[in-house]
Amino acid sequence: MDTQEWNPDKLLALSGYYWRSFTLHAAVKLGIFTIIGTEQLAGEEIAQRLGGEKRGVITLLNALSAMKLIAKAGDKYSNTPAGISFLSKDSPEYIGYMIMHHHHLAESWSELDKAVRTGSAVRSRSSYNNEEVRESFLMGMFNNAMNLAPRLVDAIDLSDRRHLLDLGGGPGTYAIHFCLKNPQLKATVYDLSSTRPYAARTIEKFGLAARIDFTAGDYLSDDIPGSYDAAWLSHILHAEGPGNCQKIIKKAVSVLAPGGMIVVHEFILDNTMDAPLFPALFSLNMLLGTKNGRSYSEREIMEMLAGAGVKKIERIPFRSPADSGLIKGVV
Ligand SMILES: C[S@@+](CC[C@H](N)C(=O)[O-])C[C@H]1O[C@@H](n2cnc3c(N)ncnc32)[C@H](O)[C@@H]1O
């Protein structure tokens, strides 16, 4: 959307954009793209297969067709190539977990005014005790990382490293891609014990169980066992305030051998704090869901690393489509 010159048309289009988001969310939640698969189906047939009422299902199908998310010919609906690749659960490139994660966040976003006024979260961490919410969060991280990791691993030279710590590694997607790229490398994914089954499943899927293990722990309150020559901290700092970020970085540094490399991957703000757009919006998402989390600027992350004794701190020239970036240093 061109934001250079706002006018009423553009402002109203922006204001109502969530109708489109919710249309996509409902279609993924109901499994519309999976049900259609490679067939051409009438609305009644789709309604019957998903156990839904005809009026509602056909209204949704027509809106999806208007958004070009499915195709309509006569009274039959079919998937687009993108729908089959990315929105059908049968595809290995399915990104529906991340879409469902967005959906679970939506309720809190509707209370943003409240979070802004009070400066406190309106989303409870306990929502992650729900299996479906946890699965869409962790596998949503997998969707995002799977999309980015194959390009990102080329930006970091781990060719002389032996053992990588993937701190808060979630399903282990980056550990997997670093190991695929660097045949000599082993990795340890350190995350909460509830993450173990997701990491085990993903690591197994890539046939890397002999090179990537999982350590269960809480990086705020527990020790990190072992010694490493590289540490990867991807999207974990933004959930914490500056004090805890410093604590986490110091803990990672404490298990690095001399010469060990530490790399932070985050949605990095410019030092002005108001750009790029995605990190600025992501900070609101952290206001909605955490006590002290937010996006950090390049300067802030570099200061945290320096505060933990890290040297040779530099920004790696890599920028993802969501404006995540990389800062590395050596201990
Ligand atoms: C946003 S995800 C990032 C996952 C992965 N690093 C990536 O970039 O795709 C944050 C991860 O940190 C983990 N985590 C959050 N708090 C933690 C804690 N106190 N100790 C260990 N892991 C934690 C979560 O379980 C989750 O897997």
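Key figures for this structure:
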quantity	calculated
Candidates Tyr198, Tyr190, filtered to the one that is in contact (Cβ under 8 Å) with a residue 60 or more places away in the chain, open to solvent by less than 60 Å² (accessible area, probe 1.4 Å), near the ligand (Cβ under 9 Å from one of its atoms) and not in a loop (DSSP other than H, G, I, E, B)	Tyr198
Entirely in the stretch 241-331, the strands (runs of 3 or more DSSP E) that have 1 or more residues that are crowded, with 20+ Cβ neighbours inside 10 Å	256-269, 324-330
Every residue from the stretch 105-140 that is in a helix (DSSP H, G or I), more than 14 Å from the ligand (Cβ to nearest atom) and surrounded by 12 or more Cβ atoms within 10 Å (Cβ to Cβ)	Ala106, Glu107, Ser108, Trp109, Leu112, Lys114, Ala115, Val116
Residue tally, condition farther than 15 Å from Ser320 by Cβ and either modelled with pLDDT under 95 or among the hydrophobic types (A, V, I, L, M, F, W, C) (or both), over the stretch 247-280	12
Residue tally, condition in contact (Cβ under 8 Å) with a residue 40 or more places away in the chain and surrounded by 12 or more Cβ atoms within 10 Å (Cβ to Cβ), over the stretch 71-92	8
Residue match in the stretch 150-162 (condition: near the ligand (Cβ under 9 Å from one of its atoms), open to solvent by 10 Å² or more (accessible area, probe 1.4 Å) and outside any helix (DSSP H, G or I))	no
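Residue-by-condition table, conditions (1) open to solvent by 30 Å² or more (accessible area, probe 1.4 Å); (2) closer than 30 Å to Asn285 by Cβ:
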position	(1), (2)
Trp19	yes, yes
Thr23	no, yes
Ala27	no, yes
Ile36	no, no
Glu44	yes, no
Leu50	yes, no
Leu69	yes, yes
His102	yes, yes
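Yes/no matrix, rows are residues, columns are (1) open to solvent by less than 20 Å² (accessible area, probe 1.4 Å); (2) of a type in the set (A, V, I, L, M); (3) within 13 Å of the ligand (Cβ to nearest atom); (4) on the phi > 0 side of the Ramachandran plot:
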residue: Asp166; (1), (2), (3), (4): yes, no, yes, no
residue: Gly172; (1), (2), (3), (4): yes, no, yes, yes
residue: Pro183; (1), (2), (3), (4): no, no, no, no
residue: Lys186; (1), (2), (3), (4): no, no, no, no
residue: Phe206; (1), (2), (3), (4): no, no, no, no
residue: Asp213; (1), (2), (3), (4): no, no, no, no
residue: Gly226; (1), (2), (3), (4): no, no, no, yes
residue: Ala231; (1), (2), (3), (4): yes, yes, yes, no
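The values are calculated or read from the model by the stated rules, or taken from the named source; none is laboratory data. Model, not experiment: these values are computed from the prediction. Note that each Cβ is placed from the backbone with ideal geometry, even for glycine, and that neighbours are counted across all protein chains shown. Surface accessibility is based on the protein's heavy atoms, side chains included, excluding ligands, DNA and RNA. Shrake-Rupley method; radii C 1.70, N 1.55, O 1.52, S 1.80 Å.
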